[in-house]
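Taking it in order: structure first as structure tokens, then the write-up.
The values are calculated or read from the model by the stated rules, or taken from the named source; none is laboratory data. The structure presented is a predicted model; accordingly, all values stated were derived computationally and were not measured. As a convention, Cβ positions derive from the backbone with ideal geometry for all residues, glycine included, and neighbour counts pool all protein chains shown.
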Amino acid sequence: MNATHSRIGLLDIPWEGHWTAIAIAPVSVPTPAELTDLLMRFLAADPASPLAATIDAKSRRWNAVPVAERQDFLRRAIVSGDDPDLEKMSEHIDRYRPDADSNSPRIVLGQHSICLYHSHMYGDASSFSQLVVQLALGHQEGLSGLEPRAGLAVALRTLIRQPGSSYREWGKLGLRPVKRIINRRTTSRVPIRSSTTAENAAWPTAVPAATAHVPAIQGKTAFADSILTNAQLRDLTRWRNQNCRGVSLTSVLIAATYRATMIEGIPMNPAGYYSLFDIRRYVPANSRDAAKKFGNLAKSVFLDADMTDPFSIGTAMEQVIESGWALPGLVMGALTTGIRRTTHDGPPVPDGPVTLSFVSMPTLPGLAEVPWLGEGARRYCGVGYPVGRLGISVFAIRLRGHMEISASFDSTVLDPAAVRRAVGGLTDPALLSQLTVAGHLAK
């Protein structure tokens, strides 16, 4: 890898201009000075890592920060901030969001919290989960273990290993394996140096995006978040077992989200939804690619379904998983996007229904290692932005005591209060009674 820059991979280019933010609290975290010291050592070993680099959109490269500028770069990227209100995590993410034209990461450290912002071109939700946990732990060895990132070669090799039955279903794609030699680098763990009080006192403080005179939600994309307690999840599971047994809880949540947004007066697309499908499930466990799990290895797929019917939603999801269609879709999407001059949005989208994107994760890599503090409330809130003006992107992740629900949407099109009410009322019995299940139960 070149010591000054590295080319942005073909799997990553489709995510150009998109960002991921994750906030976790309450957790044990290093101080800004300690984390800077850690990343200085990390960059000394891997100077071209995109973890702490700037983005050159024109040349589609990660530009490594020159040695003489690293300290100042990291002091701008790693800042002190307040701890979030655990009932308003998405407001915390919005408050410290970097400027829209930012081309470098940001890490906001509270006394007992961490909030990470980074380009989606660096990795998907599975990847960022591992990254934010290793940053909170302050593990140089853990950060080094995230490399090398998975590129198009991993997806291609996985594609050609699929059985002939899959190819017959996909059609002949004519793909050939591409070999890639990756130099693995290991770094011994070095204890974090303790910082002095003076160092911490002089550290930059993040300037919140919101002030007393500016609304908390700014710009095009806004966020909302809620939780489903274990008691609510048990009630939802009981309703599912009584009304649509055999359907996944995710399918019920998707249908409930659709109905909740419709009840709030949001004109939703009734014909289907988007979801992300992780191709890591198709990588053979005994292959050389099994360890290359960091990167963008998820493909967005639109599924035709009756959005009021959990059975229809679940059937569409099962068909994509069983066919493995996301795998050739990921490869072809990367190849076609890679030859375009730009991935920016085209002409404004005309008015029409809002399409739901819903991603549910039973868990994420690294969650078992989160350095939680105490046994009380815990929050893990993740969002992606920007979101298309006619879309709502919902992310659900299961923690020990509850399920996290977060949503991203265009606040110039949709009423933020309506979206918050929708994501906060997914287990309302009156809402669930409006889902289409009677026809299936009668069969």
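Quick notes on this structure:
- Picking from residues in region 44-63 that are under 24 Å from the mean Cα position of the chain (by Cα) and among the hydrophobic types (A, V, I, L, M, F, W, C), the one that is surrounded by the most Cβ atoms within 10 Å (Cβ to Cβ) is W62.
- No other residue among P429, P371 is over 24 Å from G123 (Cβ atoms), surrounded by fewer than 16 Cβ atoms within 10 Å (Cβ to Cβ) and in the same structural domain as N241 (by TED's automatic domain parsing) apart from P429.
- Within region 217-231, considering residues that are among the polar types (S, T, N, Q) and touching a strand residue (DSSP E or B) at 6+ places or on another chain (Cβ under 8 Å), the one farthest from D415 (Cα to Cα): N230
- For F277, the conditions (1) among the aromatic types (F, W, Y); (2) buried (at least 21 other Cβ atoms within 10 Å of the Cβ); (3) modelled with pLDDT of 95 or more are fulfilled apart from (3).
- Residues in region 236-245 that are outside any helix (DSSP H, G or I) and without any contact (Cβ under 8 Å) to a residue 24 or more places away in the chain: R245 alone.
- Here L253 fits the description: at pLDDT 95 or above and either surrounded by 18 or more Cβ atoms within 10 Å (Cβ to Cβ) or in contact with a Leu (Cβ under 8 Å, 6 or more places away or on another chain) (or both).
- Wholly within region 64-148, helices (runs of 4 or more DSSP H) carrying at least 1 residues that are aromatic (F, W, Y), closer than 21 Å to A25 by Cβ and touching a helix residue (DSSP H, G or I) at 6+ places or on another chain (Cβ under 9 Å): 125-137
- Complete set of residues in region 246-268 that are of a type outside the set (S, T, Y), part of a loop (DSSP other than H, G, I, E, B) and at negative phi: V247, E264, I266, P267
- R161 meets all of the listed conditions (1) modelled with pLDDT of 90 or more; (2) within 22 Å of I321 (Cβ to Cβ) but one, namely (1).
- Residue count, region 364-375 (criterion: touching a Leu at 6+ places or on another chain (Cβ under 9 Å) and of a type outside the set (D, E)): 4
- For region 64-104, a residue qualifies if it is surrounded by 22 or more Cβ atoms within 10 Å (Cβ to Cβ) and of a type in the set (S, T, N, Q), and exactly one does: S90.
- Filtered residue count, region 377-429, keeping only those that are in contact (Cβ under 8 Å) with a residue 12 or more places away in the chain and outside any loop (DSSP other than H, G, I, E, B): 32
- Exclusive hit being out of contact with any Asp or Glu (no Cβ under 7 Å at 6 or more places or on another chain), touching a residue at least 60 places away in the same chain (Cβ under 8 Å) and assigned by TED's automatic domain parsing to the domain that holds P362, set I266, I227: I266
- Selection count, region 14-30, where residues are crowded, with 20+ Cβ neighbours inside 10 Å and either assigned to a helix (DSSP H, G or I) or touching a Phe, Trp or Tyr at 6+ places or on another chain (Cβ under 9 Å) (or both): 11
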